[in-house]
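> Could you have a look at this structure, given as structure tokens, before my questions?
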Amino acid sequence: MTPAAADAAAQDTPTAPGPARGRATFAALRVRNFRIYVTGQLFANTGVWVQNIALDWLTLELTHSPAAVGIAMALQFLPILLFGMHGGMIADRYPKRNILLVTQLCSASVAATLAVLTISGRISVTAIYVLAVVGGLVVALDNPTRQSFVGEVVPAQYVRNAIALNAAVFQTTRLVGPAVSSVLIGTVGTGWAFAVNALLYLGPTVTLSTMRTAELQPVHAIPRAKGQLRSALRYVADRPHVGWTIALVGVFGTFGLNFPVVLTAMASETFHAGAGLYGTFNVVLAVGSVVGALIAGGRTRTRLRLILVLAACFGAAQTLAAFAPNLTVFVVVLVAMGVSNLAFQAIANSSVQLWVDPEYRGRVMGLYVLVFMGGTPIGGPITGWITEHVGVRAGMAVCGLVPLAAALAVAAVLALRPVLARRREAAALAG
């Protein structure tokens, strides 16, 4: 089948034709290794949210600047921009489970260092920035490996459901993590939030170690060779449905998901509150996100049209949130943002993984992660500057309008493509 034929088929073909093929919302939990894997992610993701809230608030406390929060965000994701595809290439070359065991220990070390510096009173903005870069280097390898590893934990018919459930778990921990972080910040201090995160990394380390390796479905490792990154780029270029999805994900990640910048400022400046309200905002987003992830998990068809609709809905919701007249309306719209955000992310992620051949999955997901998370060094400072110098509502509005405009632009291009093709055909016949 040619790439063009695959393009059309992939968008209309169900990924699983019957109930045993993953129609049930929790179908992937039938697989023992996936249950173990998800258990580890509960610990790791809870710790991530505990640390994220603490780090954002600590940066704001030290600098009193939303722009500084944006810079800290940018530095976390700069290594992904530089090395994201290299991380995916390593994932294609080496056993993914072994890579993840190493990255868990590295992430725990970064969290422990933050804890020691903060508790001892030696923390500084410079230290935060340096550790943000170090943590970003770990994520540049961990994230594409983790994304593609799901396809080895479950059979192919459960991949979409497993990705959506993994996203639901991530967002469920968002209900717990911010609340725990807020309590720790308000009682024993920010440093202990980092210490808790370091301890929670024991969870995925133990569960990865106890998985039944004989039941995994590892992809044949590709040998080292020249041009492997270029071949992955050509592979994506030959599959427009994959390319458009990744491009839209890049815009989404660069401008749409700057929540640490805009939500900290909305909590402190617009609604004149503290870390507790910022944590509440994250919990509200998580409620909507869990719903969105579960909706995505029940999907059995892969359609680019749905991805565009969800991206546009998210952009519109964030734009509305920017101009919410009061806290109640803002919280209600945050739920809608969460639903559309995670439904978009889960369906886009699973679609790309199912559209590509397994031997390319690590590198393609490396590209996916690169554009999704690597754009933050661009979007984070821009959003922070707008938020600080123009206003928090303006900053949040930009974060909604850009993804909305991108979704509409891609939809327009796809709608015009058959019209232009017919015109070229008519011109050729006339000539």
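> Does any residue of region 62-79 turn out to be surrounded by 16 or more Cβ atoms within 10 Å (Cβ to Cβ) and of a type in the set (F, W, Y)?
yes
> Residues in region 186-197: is at least one crowded, with 21+ Cβ neighbours inside 10 Å, touching a helix residue (DSSP H, G or I) at 6+ places or on another chain (Cβ under 6 Å) and under 24 Å from V291 (Cα atoms)?
no
> Could you count how many residues in region 265-301 are small (G, A, S), modelled with pLDDT of 85 or more and farther than 20 Å from A311 by Cβ?
The initial filter retains those residues of region 265-301 that are small (G, A, S), namely 265, 267-268, 273-276, 279, 286, 288-289, 292-293, 296-298.
Now narrow it down to the ones that are modelled with pLDDT of 85 or more: 265, 267-268, 273, 288.
Within this subset, residues satisfying the condition of being farther than 20 Å from A311 by Cβ are 265, 267-268, 273.
Of the residues in that region, 4 qualify.
> Same structure, new question: Which of the residues belonging to region 367-418 are within 23 Å of L75 (Cα to Cα), assigned to a helix (DSSP H, G or I), under 19 Å from the mean Cα position of the chain (by Cα) and of a type in the set (G, A, S)?
Within region 367-418, G379, G380, G400 meet the criteria.
> With the checklist (1) touching a residue at least 12 places away in the same chain (Cβ under 8 Å); (2) in contact with a helix residue (DSSP H, G or I) (Cβ under 8 Å, 6 or more places away or on another chain) in hand, flag the one item L277 doesn't pass.
Condition (1) is where L277 drops out.
> In region 318-357, what residues are polar (S, T, N, Q) and assigned to a helix (DSSP H, G or I)?
Step one: list which residues in region 318-357 are polar (S, T, N, Q), which gives 318-319, 326, 328, 340-341, 345, 349-351, 353.
Listed by number, the residues that qualify are Q318, T319, T328, S340, N341, Q345, N349, S350, S351, Q353.
> I'd like the full set of residues that are among the aliphatic types (A, V, I, L, M) and under 18 Å from N258 (Cα atoms), limited to region 325-345. Quick ask: steps written out before the conclusion?
The first filter runs over region 325-345 and keeps only residues among the aliphatic types (A, V, I, L, M), leaving 327, 329, 331-337, 339, 342-343.
If the condition is that a residue be among the aliphatic types (A, V, I, L, M) and under 18 Å from N258 (Cα atoms), then V331, V333, L334, V335, A336, M337, V339, L342, A343 are the ones that fit.
> Here is a follow-up. Out of contact with any Asp or Glu (no Cβ under 7 Å at 6 or more places or on another chain), among the hydrophobic types (A, V, I, L, M, F, W, C), closer than 30 Å to W57 by Cα and free of Cβ contacts under 8 Å to residues at least 60 places away in the same chain, is that true of V188? Full working, then the answer.
Values: out of contact with any Asp or Glu (no Cβ under 7 Å at 6 or more places or on another chain): yes; among the hydrophobic types (A, V, I, L, M, F, W, C): yes; closer than 30 Å to W57 by Cα: yes; free of Cβ contacts under 8 Å to residues at least 60 places away in the same chain: yes.
Considered against the rule, which asks whether it is out of contact with any Asp or Glu (no Cβ under 7 Å at 6 or more places or on another chain), among the hydrophobic types (A, V, I, L, M, F, W, C), closer than 30 Å to W57 by Cα and free of Cβ contacts under 8 Å to residues at least 60 places away in the same chain, V188 comes out as yes.
> Within region 201-214, does at least one residue satisfy the condition of being out of contact with any Gly (no Cβ under 8 Å at 6 or more places or on another chain), outside any helix (DSSP H, G or I), of a type outside the set (A, V, I, L, M) and farther than 30 Å from R122 by Cα?
The answer is yes; a qualifying residue exists.
> Another question, if that's okay. Failed condition for S268, given (1) surrounded by fewer than 24 Cβ atoms within 10 Å (Cβ to Cβ); (2) under 30 Å from R417 (Cβ atoms); (3) among the polar types (S, T, N, Q), with all others met?
All conditions pass for S268, except number (2).
Here's the yes/no breakdown for (1) basic (K, R); (2) modelled with pLDDT of 80 or more; (3) under 15 Å from the mean Cα position of the chain (by Cα):
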| residue | (1), (2), (3) |
| --- | --- |
| T126 | no, yes, no |
| G136 | no, yes, yes |
| P144 | no, yes, yes |
| Q147 | no, yes, yes |
| V153 | no, yes, no |
| Y158 | no, yes, no |
| A164 | no, no, yes |
| A167 | no, no, yes |
| T173 | no, no, yes |
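> Further question: Taking only pairs six or more apart or across chains, which ones have beta-carbon atoms under 6 Å, a first residue in region 362-378 that is more than 12 Å from N143 (Cβ to Cβ) and surrounded by fewer than 24 Cβ atoms within 10 Å (Cβ to Cβ), and a second residue that is among the β-branched types (V, I, T) and at pLDDT below 80?
Going by the 6 Å Cβ cut-off, there are no qualifying pairs.
> Could you please give the count of residues in region 114-149 that are under 21 Å from R93 (Cα atoms), in contact (Cβ under 8 Å) with a residue 40 or more places away in the chain and among the hydrophobic types (A, V, I, L, M, F, W, C)?
So the answer is 5.
The values are calculated or read from the model by the stated rules, or taken from the named source; none is laboratory data. In this text, all values refer to a predicted model and were calculated from it rather than measured experimentally. Positions of Cβ are backbone-derived with ideal geometry, glycine not excepted, and every protein chain shown enters the neighbour counts.
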